[in-house]
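Here is the structure we will look at, set down as structure tokens.
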Amino acid sequence: MIVVNNVSLAHQGAPILKDINLEIPETGVTALIGPNGAGKSSLLSLIARLQPLQQGTITVDGLTVGATPSRILARTLAILRQDPAIASRLRVRELVAFGRFPHNGGRITDEDRALTQAALERFDLTSFADRFIDTLSGGQRQLVLVAMTFCQGTRWLLLDEPLNNLDMFYARELMRGLREIADSERRAIVIVLHDINQAVTFADYIVALKHGAVVASGPPELIANTTSLQRIFGYEMPVESYHGRPVVLNHL
Ligand SMILES: Nc1ncnc2c1ncn2[C@@H]1O[C@H](COP(=O)(O)OP(=O)(O)OP(=O)(O)O)[C@@H](O)[C@H]1O
């Protein structure tokens, strides 16, 4: 479980996160939703210690984020940031293999090679394996980054808007793939999503942030209604039912 206790964050006096208290379930897919600037990436970066905690505490599977050695934390959680800087003159296989770094310190073993190959296969990237990163499309590059994060082999995967640049087919494929990983490998996924229907369809648990505060949390059935969504996003969106599952008509 990830436990966030009384976490607040400010930049140059401006409050970004305001007294966040949250428990993220230890298995399954948890979606972080909310308007632009709500604080989703900031929260994810504090959980992954990409920036120091100013106030409050965070634990991941009982490890205190502020006090855990980096090597241990890197074997517990992997994060894909929104705009990661990547060396473009790397080949796809090399970048995915880089996910093994916390385990091998740069000395690639046969096991690392096998896990890299498995990650390439899982995300359907074998045909690109020997291509340079800068020859890929934006969507292909995004899938490579998800594969690299997956290849780290951690129980927790934190993904900040991984559907960026993906067309509808690949967005669905990726969400299905993540769902399968969560179900079959007992790994937990925390994912920032802007597409409310992807969140409602694939997440077990949804946390909604707005103006730096948690304004709603719970299973999709609890969040996917017009009243709750209006509170989160500030406008009225109809919610219909398709085969008993909510579908949000957020574009109307
Ligand atoms: N280093 C920083 N310095 C100043 N302000 C920052 C910094 N990082 C984030 N912010 C501000 O904090 C707020 C929350 O940003 P954050 O990126 O966490 O939001 P988000 O919910 O992930 O947004 P989006 O959906 O647009 O990616 C924004 O107003 C942003 O401008």
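Going by the conditions given, is residue 229 at pLDDT 95 or above and not in a helix (DSSP H, G or I)? Here the answer is no, as residue 229 does not meet what is asked.
Scan the range 79-102 for residues that are touching a helix residue (DSSP H, G or I) at 6+ places or on another chain (Cβ under 7 Å), assigned to a helix (DSSP H, G or I), under 28 Å from residue 47 (Cβ atoms) and not aliphatic (A, V, I, L, M) and jot them down. Passing the criteria: 98, 99, 100, 102.
One residue is enough: does the range 129-152 have a residue meeting the conditions closer than 17 Å to residue 187 by Cα, part of a loop (DSSP other than H, G, I, E, B), open to solvent by 10 Å² or more (accessible area, probe 1.4 Å) and touching a residue at least 24 places away in the same chain (Cβ under 8 Å)? Yes, some residue in the range 129-152 is closer than 17 Å to residue 187 by Cα, part of a loop (DSSP other than H, G, I, E, B), open to solvent by 10 Å² or more (accessible area, probe 1.4 Å) and touching a residue at least 24 places away in the same chain (Cβ under 8 Å). Sub-7 Å Cβ pairs linking a first residue in the range 74-90 that is away from the ligand (no atom under 16 Å from the Cβ) to a second residue that is among the basic types (Lys, Arg) and open to solvent by 50 Å² or more (accessible area, probe 1.4 Å), at least 6 apart or interchain, are 76/155, ordered by first then second residue. The listed residues are 165, 197, and the only one of them that is open to solvent by 30 Å² or more (accessible area, probe 1.4 Å) and assigned to a loop (DSSP other than H, G, I, E, B) turns out to be 165. Residues considered: 13, 56, 28, 37. Of these, the only one that is under 19 Å from the mean Cα position of the chain (by Cα) and more than 8 Å from the ligand (Cβ to nearest atom) is 28. Screening 188, 216, 182, 203 for residues that are within 16 Å of the ligand (Cβ to nearest atom), open to solvent by less than 30 Å² (accessible area, probe 1.4 Å), among the small types (Gly, Ala, Ser) and within 22 Å of residue 24 (Cα to Cα) leaves exactly one candidate, 216.
The values are calculated or read from the model by the stated rules, or taken from the named source; none is laboratory data. Quantities reported herein were computed from a predicted structural model and do not represent experimental measurements. Every residue, glycine as well, gets a Cβ built from its backbone with ideal geometry; the counts of neighbours run over all protein chains shown. All accessible areas refer to the heavy atoms of the entire protein, side chains included, with ligands and DNA or RNA removed. Shrake-Rupley method; radii C 1.70, N 1.55, O 1.52, S 1.80 Å.
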